[in-house]
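One structure is given here, and the rest of the page talks about it.
What follows is calculated from the coordinates using simple rules that are stated; it is not laboratory data. Just so you know, these numbers come straight off a predicted model, no measurement behind them. Counting neighbours? That spans all protein chains shown, and the Cβs are built from the backbone with ideal geometry, glycine included.
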Amino acid sequence: MSLEQRVTELESRLAFQDDTIQALNDVLVAQQNVVERLQLQMAALLKRQEEMVGQFGSFEEEAPPPHY
């Protein structure tokens, strides 16, 4: 294999690796956006739960039904 063929092969491999790295980066960025959105939703749900527990009290404090 000549030097020119080897350089061409290496350039081709480098271009393929660059495309692969960019594709992986795009997926990673999308996943990070999803994770951040889910974290915000989880925080909102936890806040709602705390507000509801504050309004209605804990279910553990309720007396058992009369048939016990």
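Here are the numbers for this structure:
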item: Within the chain, helix-based [θ] at 222 nm, where runs of 4 or more DSSP H residues each add -39,500 (n - 2.57), nearest 500; result: -30000 deg cm²/dmol
item: Whole-Hz couplings from phi, Karplus 6.51/-1.76/1.60, listed for region 29-38; x for Gly and Pro; result: 5, 5, 5, 5, 5, 5, 4, 5, 5, 5
item: Whole-Hz ³J(HN,Hα) from phi, Karplus 6.51 cos²θ - 1.76 cosθ + 1.60, for region 45-50, glycine and proline x; result: 5, 5, 5, 4, 4, 4
item: Student exercise, the chain dipole from Lys, Arg, Asp, Glu Cβ charges, in Debye to nearest 20; result: 40
